[in-house]
Every structure is written in structure tokens, then in C-alpha cells.
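Working notes, structure below.
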């Protein structure tokens, strides 16, 4: 009797990022790079590796963007070399036998500065823009503050400001939406978090912000992440397990630290141009809280930009507008 071959999908396989064809000087690399005492998953892509660099710092804590971000950065790759990396204990940068008891925001800042040095040496450039997204804005703005000489500018996308004013603004938005839709159980549960937020004890569950449209409008970020983890060549089954384990550890440690921090007090000045890019409909990192921080920060030049159609992902939801905007910004700061 002829035996049938059974193919089991999802087993570990070699990962890669597709080549960028048609450009002799393009770069498309994905691999583990030793940085600051541990191996980090780093993806570098661009049509011309001599172009200026943008290093993106992902959100979370523990939420990689490598599995799906290629879908949204094709325009950026034309004029910039784009660097994404998984932060320590996240995704490809999570290692099962590694001790993460020392994991902290400041350690992630050190990692980012070391990564910047690696990228600068690898690509022989000092033309580097630093862009943080969501939780990554905490790491990014601290790195820009500590090592301004390494960056042309700092961009905070979905910038975090005062943690607790943000939580209260999110609560008020979700409560208003639940009331308008007469969701009585949600109204009761959302309101139950008010006292703990006011007393700086607990944050509002993200499920409410997502349910009431404050996370994404023009993309489906949850679907992007799922398909990226399961189907993209950049991630395999073992990486997906790493992602799940790492996010659990990162969230537990770093979210607690974030709740105890006060970013406007910790970073009140930058020595490089500073830009906050916000989605009008973002209620994970609401506009008003970010604007209050922006107004208080000192920088040689600064700009607060609101993308009218976006929620938490303006760089993806309005990628053409973001591409046009960042090209304009680079033309200003390179002079």
C-alpha cells in the first residue's frame, strides 16, 4: 500500500525578508544581531542603502511589527532605509533560556542606542531619524534625550505623555461611546475603573478602546498581526511562540514600570527637532494628552501633526500622507 506523505504546516523554517528587485544598491536583510549583550531580531529594507535611515521603535510592550510592517512601508523604502527590530524579550529577540529579571525601560533605551551605533556602522551613515510608536515613544524619546548626537530628529507616533491623564481621556471616550450605544454592562464596567485611574492604581482595559473604534479605522491591525505571524516569511512558528511568551513577560514588567513613570517630567527637553504625529481618532494614546506634553517640551524646532482619518496607526492608515510628510521633514532638517 502506498504511503501518503503528511506535511505539517507551521513547523520552524528559515525566515527571510523578500529581496527588493530592480535596484542595484537595495538592501533587504533579516537576522539576529548581537546588541548590548543579547541577540536582537533586526530587519533592514530600502531601495538604496545609501539613503537616510529611519529606525522604528515598536509599541507594546512586547508587540513586534516585523511580521506585517512590510505591507505598509513600500513607499518609505523608496527614499529611506527602514530599520525595524524586536525589542529585548519581544518576538525574535525573546530567548527561552535568557534571564529577564533585569528587564526595564532604561535597558531598552540602552539597547536602542547600541542598535543605532550598529546601524550607523553597518550602513556608514549618521543620517538617522528616530521614530517611536506608542510604547516605543517612551523608549525613543528617552534615547533621543540621552544621545541627541546620533539622530537628525525624533518622531513620536502615537506619543505617550502623562500616563494617567491619557487613561482618563480613554475612559471618558469609551464611556461616551458606550452610553450613546446604550451598552449598559460596558457603562458599568468602564465606570468602575475611574477611581483606580484617578488614584493611579490601575489602567483601563484596552478591549474597550478597541471595541469603540479608538485603535484603528482604515486598517485591521489585529488581522495584520495574525496573518503576519502565521503567513509572513519574516516569522515562523517558533517565532510566534517567542512572541507570545515575550509579550506576557514584557507586559507584566514594563507596563507596571510605565504606570509608575511620568514622561513629561523625565524628558522635558530635546536638543534635536521633535515631531509628534497623532491620529485624530486615537484613544490608546489620545491627542489631547500628547498635545499637553508637546506644549511643555523644549526643542530647537517642533511640530504637532494630526492625521484626520487615522486612529492609533497614522503611519499605516494614511501611509501616502505619512510618506509625503516625512519626505518634507527630511528636506527641512538635512539643510
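Rule-based calculations on the coordinates, nothing more; no lab input. Predicted model only: the values in this text are computed from it and were never measured. Every residue, glycine as well, gets a Cβ built from its backbone with ideal geometry; the counts of neighbours run over all protein chains shown.
When the Cα convex hull of segment 188-253 is projected onto planes of every orientation, the mean area is 6.1 nm². A Förster distance of 35 Å, applied to the separation of the beta-carbon atoms of residue 164 and residue 334, puts the FRET efficiency at 0.35.
Separation of segment 78-113 and segment 217-247, taken as the distance between their Cα centroids, equals 17 angstrom.
Please order 94, 294 by the number of other Cβ within 10 Å, starting at the fewest. Mind dumping the intermediate values first?
Numbers: 94 27, 294 21.
Placing the least packed residue first, the sequence is 294, 94.
In terms of packing, defined here as the mean over residues of other Cβ atoms within 10 angstrom, the peptides 50-57, 213-220 line up highest first as 50-57, 213-220. Peptides 163-173, 116-126 ranked from most to least packed by the mean count of surrounding Cβ atoms within 10 Å: 163-173, 116-126. Among beta bridges identified by DSSP and lying wholly in the chain, the antiparallel ones come to about 35 percent. The shape of segment 1-153 comes out oblate: with a ≥ b ≥ c from the C-alpha gyration tensor, a/c is at least 1.5 while a/b does not beat b/c. Taking a point 7 angstrom from the Cα of residue 259 along the C-beta vector, which residues in segment 172-197 have backbone N less than 17 Å away? It comes to 190-197, nothing else.
Over segment 129-236, what relative contact order in percent results from Cα pairs under 8 Å that are six or more residues apart? This gives 18 percent for segment 129-236. Label reach from residue 306 (point 7 Å along Cα→C-beta): in segment 136-166, no amide nitrogen lies under 13 Å. Using R0 = 51 Å, the C-beta based FRET efficiency linking residue 124 and residue 207 works out to 0.65. Extension gain for the segment residue 21 to residue 102, taken as residue separation times 0.36 nm less the Cα-Cα distance, is 25.0 nm to one decimal. Our note on the geometry: Cα centres of segment 264-329 and segment 161-187, 22 Å apart.
By definition, a body whose alpha carbon gyration tensor gives a ≥ b ≥ c is oblate when a/c is 1.5 or more and a/b is not larger than b/c, and segment 10-53 fits this oblate description.
The calculated 222 nm mean residue ellipticity attributable to helices in the chain amounts to -12500 deg cm²/dmol, summing -39500 (n - 2.57) over DSSP H runs of n ≥ 4 and dividing by all residues.
How large is the direction-averaged shadow of the alpha-carbon convex hull of segment 54-133, in nm²?
If you wrap the Cα atoms of segment 54-133 in a convex hull and average its projections, you get 5.8 nm².
Taking square-rooted eigenvalues a ≥ b ≥ c of the alpha carbon gyration tensor, is segment 81-220 rounded, prolate or oblate, where a/c under 1.5 means rounded and, failing that, a/b exceeding b/c means prolate? It comes out prolate by the Cα gyration axes.
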